[in-house]
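Colleague: Before anything else, here's the structure in question.
Here, each number is a calculation from the coordinates, and none is a lab measurement. These numbers were taken from a predicted model, which means no experiment stands behind them. Cβ coordinates were reconstructed from backbone atoms using ideal geometry, including for glycine residues, and neighbour counts include every protein chain displayed.
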Amino acid sequence: MALSSMTSSNPTAAGRYPAGSAAFAHRDLIALAGLAPWEILFLLDEAEQWVELNRKPHKRDDRLAGLTIINAFFENSTRTLLSFEIAGKRLGADVVNMHAAQSSVKKGETLIDTAMTLNAMRADAIVIRHQSSGAVGLIADKVDCPVLNAGDGQHEHPTQGLLDALTIRHAKGDIAGLKVTICGDILHSRVARSNIHCLTTLGAEVRVCAPPALMPADIEALKVSPFHDFNVALDGADVVMMLRLQQERMSGQFIPSPREYRHLYGLTLDRLARARPDALVMHPGPMNRGIEIDSNVADLAGRSAITRQVEMGVAIRMACLDVLTRRSRKVEGWT
Ligand code: NCD
């Protein structure tokens with residue numbers, strides 16, 4: 001299905017998860033690893049109503065009115081921070097952003113002390129991005145409200161995995177059976193990890209492609225097929241997801257040069273022709289145009305879903321904030 005004909009139809013939820021009861025039994029959203037298929041589908045289904053609302057001129061639903069959400073970002077972000085802020089505000093919550101660069105973290109405060117401070121302010125949900133894998137889970141153990149992981153080191157970025165799955169579902173329908181090729185810096189990518197867990201749980205065939213130095217040693221344990229030759233990995237793919245080289249997480253030289261990297265692993269129009277003729281092109285952003293993806297592919301009308309991913313991101317974050325605060329809001333069936 002071409003991007004232009006994407007629909008926002010809400011697929012029937014009947015029979016996929018326990019209707020009318022708490023269909024998401026977790027307090028926090030730290031990782032997609034370990035979630036059941038129906039828990040992921042529940043969050044995707046919940047997001048559909050927000051896709052529709054966000055396309056209307058009046059984008060407001062006040063179900064989180066009176067609640068305080070803190071976005072604590074210890075690492076730079078454009079789309080994830082903005083997206084969580086917009087999501088909270090569209091649901092009527094008071095949203096406060098804490099940037100680590102302007103916080104007491106710079107004065108040597110420990111992560112646990114920062115967590116206890118946030119907790120004492122009685123937030124109703126805390127969204128955290130941190131440069132260390134596991135840091136968000138650590139904070140979650142110290143606070144009394146739901147915690148949402150907005151990316152922790154190279155571990156996971158669960159709302160990115162969900163928004164990518166929603167984008168794929170809108171373009172292709174059912175995710176089960178699709179061939180998804182993820183190419184780039186798999187080793188350092190939390191986006192890759194969350195997508196692998198999400199897409200394999202939903203029944204997709206996931207191929208990962210990277211130069212040997214950027215492929216995790218234990219990758220096959222994640223039920224994906226590893227490739228080093230991008231041309232082979234693209235053969236017959238329904239979805240091609242490109243990743244940035246995460247220079248900030250690299251210590252030392254992982255690739256010979258950006259030019260050589262593009263030659264072997266860059267998504268060019270010629271290379272895209274190896275995938276299915278209707279293959280969807282995705283990238284979580286920020287893109288390094290001319291390195292992992294050429295501009296004429298990133299902007300390819302009807303094929304590139306990159307701005308659609310950003311749109312789905314707001315809806316997914318609204319769904320996650322709504323669902324995770326249902327217990328404290330005493331929504332029927334969620335107490
Ligand atoms: C990603 C991230 O921060 O993990 N971006 C995002 O959240 N959209 C990917 C990246 O930084 O390359």
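Colleague: How far is helix 158-172 tilted, in degrees, relative to the longest principal axis of the Cα atoms in the chain, given as a value from 0 to 90 rounded to the nearest 10?
Modeller: Rounded to the nearest ten degrees, it is 60.
Colleague: Compute the distance from the alpha-carbon center of region 261-335 to that of region 212-255, in whole Å.
Modeller: 17
Colleague: Quick check on region 176-335: take the gyration tensor over C-alpha atoms, sort the square-rooted eigenvalues as a ≥ b ≥ c, and tell me if it's rounded (a/c under 1.5), prolate or oblate.
Modeller: Values: a/c = 1.81, a/b = 1.61, b/c = 1.12.
It is prolate, given that a/c is not under 1.5 and a/b is the larger ratio.
Colleague: Can I ask one more? Quick one: angle between helix 190-201 and the longest Cα principal axis of the chain, in degrees between 0 and 90, rounded to 10, please.
Modeller: Tilt of helix 190-201: around 90 degrees.
Colleague: Give me log10 I(q)/I(0) at q = 0.12, 0.19, 0.29 Å⁻¹ for region 233-286, Debye formula, one equal scatterer per alpha-carbon, no solvent.
Modeller: -0.33, -0.75, -1.18
Colleague: Leu269 to Ala120: extension gain in nm, 0.36 nm per residue of separation minus the Cα-Cα distance?
Modeller: 48.4 nm
Colleague: Next up: Please label the shape of region 41-111 as rounded, prolate or oblate, based on the square roots a ≥ b ≥ c of the eigenvalues of the alpha-carbon gyration tensor (a/c under 1.5 means rounded; beyond that, a/b larger than b/c means prolate, else oblate).
Modeller: Note, shape of region 41-111 comes out prolate.
Colleague: Any chance you could tell me what percent of the C-alpha pair distances in region 250-335 go past 18 Å?
Modeller: Details: 2175 of 3655 pairs.
Beyond 18 Å sits 60 percent of the P(r) for region 250-335.
Colleague: Also: Would you mind computing, in nm to one decimal, how far apart the modelled labels at Glu260 and Glu248 are, each placed 7 Å from Cα along Cα→Cβ?
Modeller: Each label point is offset 7 Å from its Cα along the Cβ direction, giving 2.6 nm.
Colleague: With a ≥ b ≥ c taken as the square roots of the eigenvalues of the C-alpha gyration tensor of region 132-248, please select rounded if a/c is under 1.5 and otherwise prolate if a/b is larger than b/c or oblate if it is not? Don't jump to the answer; show the numbers that get you there.
Modeller: Details: a/c = 2.29, a/b = 1.39, b/c = 1.65.
Because a/c hits 1.5 or more and a/b fails to exceed b/c, region 132-248 counts as oblate.
Colleague: Rounded to the nearest 5, what is the percent of antiparallel bridges among the DSSP beta bridges in the chain?
Modeller: Restricted to the chain, the bridges split so that about 5 percent are antiparallel.
Colleague: Mind ranking 35-44, 56-65, 290-299, 143-152 by how tightly packed they are, going by the mean number of other C-beta atoms within 10 angstrom, highest first? Could you put the intermediate results ahead of the total?
Modeller: Details: 35-44: 20.1, 56-65: 11.6, 290-299: 17.8, 143-152: 23.0.
Listed from highest to lowest mean packing, they are 143-152, 35-44, 290-299, 56-65.
Colleague: Which order, highest average first, do 210-222, 173-185 follow once you tally other Cβ atoms within 10 Å for each residue and take the mean per peptide?
Modeller: Result, highest mean first: 173-185, 210-222.
Colleague: Using a simple charge model, +1 on the beta-carbon of Lys and Arg, -1 on the beta-carbon of Asp and Glu, nothing else, what dipole does region 109-197 show about its Cα centre, in debye to the nearest 20?
Modeller: Dipole magnitude for region 109-197 comes out near 380 debye.
Colleague: Would you compute, from DSSP H runs of 4+ residues alone, the mean residue ellipticity of the chain at 222 nm, taking -39500 (n - 2.57) per run and dividing by the full residue count, rounded to the nearest 500?
Modeller: Theoretical 222 nm ellipticity from helices: -10000 deg cm²/dmol.
Colleague: Considering only DSSP beta bridges whose two residues both sit in region 168-280, what percent are antiparallel, to the nearest 5?
Modeller: 0
Colleague: A further question follows. Using the Cα centre as the reference, give the magnitude of the dipole from point charges on the C-beta atoms of the chain (Lys, Arg: +1; Asp, Glu: -1; all else neutral), rounded to the nearest 20 debye.
Modeller: 520
Colleague: Could you work out the relative contact order of region 124-175? I mean the mean sequence separation of Cα pairs under 8 Å and 6+ apart, divided by the number of residues, in percent.
Modeller: With pairs under 8 Å counted, the relative contact order is 33 percent.
Colleague: Here's something else I'd like to know. If you project the alpha carbons of the chain onto the principal axes, what extent comes out on each, in Å, largest first?
Modeller: That gives 53, 49, 38 Å along the principal axes, largest extent first.
Colleague: On a 0 to 90 degree scale, rounded to 10, what angle separates helix 37-54 from the longest Cα axis of the chain?
Modeller: 80
Colleague: Counting other Cβ atoms within 10 Å, which trypsin sites (Lys or Arg not before Pro) in region 280-329 have at most 10 and lie in a DSSP loop?
Modeller: Passing both the DSSP loop test and the Cβ count: no residue.
Colleague: At a Förster radius of 30 Å, what calculated FRET efficiency corresponds to the Cβ-Cβ distance of Lys56 and Arg16, to the nearest 0.05?
Modeller: According to the calculation, E is roughly 0.65.
Colleague: Please list, by residue number, every one of the GluC sites (Glu not before Pro) in region 52-127 that is coil in DSSP and has at most 15 other beta-carbon atoms within 10 Å.
Modeller: Here the GluC sites (Glu not before Pro) that fit, given the DSSP loop and packing criteria, are Glu109.
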